[in-house]
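Every number here is computed from the coordinates shown, using simple stated rules; none is lab data. A quick note: this is a predicted structure, and the numbers were derived from the prediction, not measured. When we count neighbours, we look across all protein chains shown, and the Cβ atoms used for this are built from the backbone with ideal geometry, even at glycine.
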Amino acid sequence: MSTWYEKGVFYHMYPLGMTGAPKQNQENAVTDRFEELNRWIPHIRSLGCNAIYIGPLFESTSHGYDTRDYKLVDKRLGTNNSFKTFVSLCHSQGIKVVVDGVFNHTGREFFAFQNIQADREASAYRDWYRGINFSCQSPMGDSFTYEAWQGHYGLPCLNLWNPEVKRYLFEVVRFWIDEFDIDGIRLDCANVLDFGFMKELRAETTAMKEEFWLMGEVIHGEYSRWVNPEMLHSVTNYELHKGLYSGHNDHNYFEIAHTVRRLEQVGRDLYTFVDNHDENRLASKLNLPEHLPLVYTLLFTLPGIPSIYYGSEWGIKGMRTKYSDDELRPSISISEADQLNCGLTQLISRLGIIHRDNPEYHRGEYKELLLTNRQYAFARFTGDLAAVTAVNNDDKEVNLRIPVPFPGNEAVSLFDGSVIPVENGFISLLLKGNEGIVLKITSDHQK
């Protein structure tokens with residue numbers, strides 16, 4: 001029996017950016033922006049998405065990852081009750097909700113850190129943070145110093161070896177499950193979190209909610225160190241993310257295919273994406289806009305759990321600068337969606353439905369069928385079901401002869417319903433320049 005996340009197609013929302021919330025959380029009053037976020041739900045459903053990753057949400061001081069209250073929704077977005085309504089509306093549409101868990105560090109306004117500032121050695125929380133040293137000052141002017149995430153002293157690192165800290169964070173997760181009925185957590189900075197903490201978190205959350213999903217932010221490393229039955233269900237597939245755009249810019253499908261083969265043991269569990277709140281928009285990274293549909297066709301049909309970052313379904317651009325990520329996190333009104341819709345939006349919606357309706361993409365196996373620098377074909381299959389993806393990143397049309405080692409005598413396009421015969425175990429296919437296709441292998445009797 002498949003779990004919900006094995007069938008997952010995610011929509012990634014960065015709510016502080018998409019609603020145009022202030023950069024600094026300086027007002028005492030709540031401004032409820034969930035009314036606007038609620039209006040996105042039908043659009044998200046229309047794309048074939050059945051899960052949302054939304055975050056950061058915890059009450060914070062600025063960008064959302066400097067938490068000051070783990071049990072409060074950021075007042076720039078709304079109240080706890082308004083988020084509860086958002087989750088309920090999502091669930092009523094068959095959409096799961098995953099939030100950010102920022103457990104590696106807090107902001108300086110978090111109660112435990114402020115208590116150390118006030119009481120120094122006498123603080124009951126002096127062991128809640130790593131590297132506390134009362135013999136010298138921090139760069140922020142504190143009468144002590146501490147370990148900070150990547151040297152950013154606005155983000156003091158929690159001591160996840162401390163049982164009290166772990167109990168507190170497990171209680172936080174229980175609160176978000178009990179209060180809001182969330183379905184999972186994306187662990188910020190999972191690449192530097194203590195493995196023992198993540199193992200305990202897996203056991204704790206499974207007991208709280210059977211299919212609770214844990215996904216970690218991991219950029220480099222062997223993903224199987226994190227993705228296993230004892231720790232996380234998934235991590236961010238940055239390796240494939242890089243291959244998907246550079247493999248097209250360099251006309252090098254070998255890079256993508258090699259990455260998929262290398263990740264074969266864990267690939268079907270990984271959270272796959274082409275851009276996010278930390279990465280330049282795909283439309284800004286690709287040399288040729290004609291490659292946008294090809295990248296999304298691969299995103300939805302290669303092994304993994306695909307994700308769309310808000311706004312990218314319209315092909316919007318955005319580049320980070322040395323000083324700001326604002327262009328990656330723009331304010332967008334969903335009322336503008338009808339004007340923004342384009343061929344790419346329609347393709348992504350179709351791909352979302354294909355992924356949802358075909359079990360081959362729910363952890364189905366992968367088989368490479370054809371590979372050159374500019375052409376690539378592969379199958380996803382499970383049981384007696386099989387589908388084939390073929391893409392051509394050349395500007396010129398190409399004739400392909402693709403082996404089909406599966407039962408069936410026809411290949412039906414899942415884009416337009418056209419039929420191509422399977423003859424002597426091969427499909428003969430003409431692909432136009434920068435064209436992709438997804439085919440379902442069938443037999444006459446299956447019609």
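For the range 390-447 versus the range 1-60, the spacing of their alpha-carbon centroids is 37 Å. The Cα-based radius of gyration of the range 190-267, divided by its Kirkwood radius, gives an Rg/Rh of 1.08.
Of the two radii for the range 233-300, the radius of gyration is 0.95 times the Kirkwood radius, both from the alpha carbons; that is the Rg over Rh value.
Helix 80-92 and the longest principal axis of the C-alpha atoms of the chain enclose an angle of approximately 20°.
Quick check: the distance between the Cα centres of the range 236-261 and the range 147-186, to the nearest angstrom? Using only Cα atoms, the two centres lie 33 Å from each other.
For the chain, state the semi-axes of the equivalent ellipsoid (square roots of 5 times the eigenvalues of the alpha-carbon gyration tensor), sorted largest first and rounded to whole angstrom.
Over the Cα atoms of the chain, the semi-axes work out to 42, 22, 21 Å.
Applying the Kirkwood pairwise sum to the alpha-carbon positions of the range 1-131 produces a hydrodynamic radius of 16.2 angstrom. The peptide list 235-241, 429-435, put in order of mean Cβ contacts within 10 Å with the highest first, becomes 235-241, 429-435.
May I ask for log10 I(q)/I(0) of the range 129-226 at q = 0.13 Å⁻¹, from a Debye sum over the Cα atoms as equal point scatterers with solvent left out? Values, matching the q order: -0.56.
Counting only alpha carbon atoms, the long axis of helix 195-208 and the longest principal axis of the chain meet at about 80°. Approximating the spin labels as points 7 Å out from Cα along Cα→Cβ, the F254-to-M319 distance works out to 3.0 nm. Among D100, D119, D394, a tally of other beta-carbon atoms within 10 Å of each Cβ gives an order, fewest to most, of D119, D394, D100.
Estimated from helical segments only, the mean residue ellipticity of the chain at 222 nm is -8000 deg cm²/dmol, where each DSSP H run of four or more residues counts as -39500 (n - 2.57). Of Y361, Y323, the sequence from fewest to most neighbouring Cβ atoms within 10 angstrom is Y323, Y361.
Take every pair of alpha-carbon atoms less than 8 Å apart whose residues are at least six positions apart; their mean separation over the length of the chain yields a relative contact order of 13 percent.
The alpha carbons of the range 47-204 occupy a box of 56, 33, 25 Å along the principal axes, longest dimension given first. The slack between S246 and F134, meaning 0.36 nm per residue of separation minus the straight C-alpha distance, is 35.5 nm. Just to be sure I understand the curve: with the Debye formula and one point per C-alpha of the range 301-355, what is log10 I(q)/I(0) at q = 0.12, 0.30 Å⁻¹? Debye output, listed in q order: -0.36, -1.22.
Restricting to bridges with both residues inside the chain, how much of the DSSP beta-bridge set is antiparallel, in percent to the nearest 5?
Working: 42 of 67 bridges.
Taking every DSSP beta bridge within the chain, about 65 percent pair in antiparallel fashion.
Considering the range 365-446, its Cα convex hull presents a mean projected area of 5.0 nm².
If you take the beta carbon distance between K396 and R120 as r and set R0 to 56 Å, what does 1/(1 + (r/R0)^6) give as a FRET efficiency, to the nearest 0.05? Kindly include the intermediate steps, with their values, before the conclusion.
Working: r = 71 Å, r/R0 = 1.26.
Once rounded, the FRET efficiency stands at 0.20.
In the range 1-69, Rg over Rh equals 1.06, where Rg is the alpha-carbon radius of gyration and Rh the Kirkwood radius from pairwise Cα distances.
Excluding same-chain neighbours fewer than eight residues apart, the aspartates and glutamates reachable from K84 by a Cα-Cα span under 19 Å are D32, E35, E36, E59, D69, D74, D100, E171, D178, E179, D181, D183. With R₀ fixed at 60 Å, the C-beta to C-beta distance from D338 to F195 puts the FRET efficiency at about 0.80.
The alpha-carbon atoms of the range 282-427, seen along their principal axes, cover 56, 31, 26 angstrom, with the largest extent given first.
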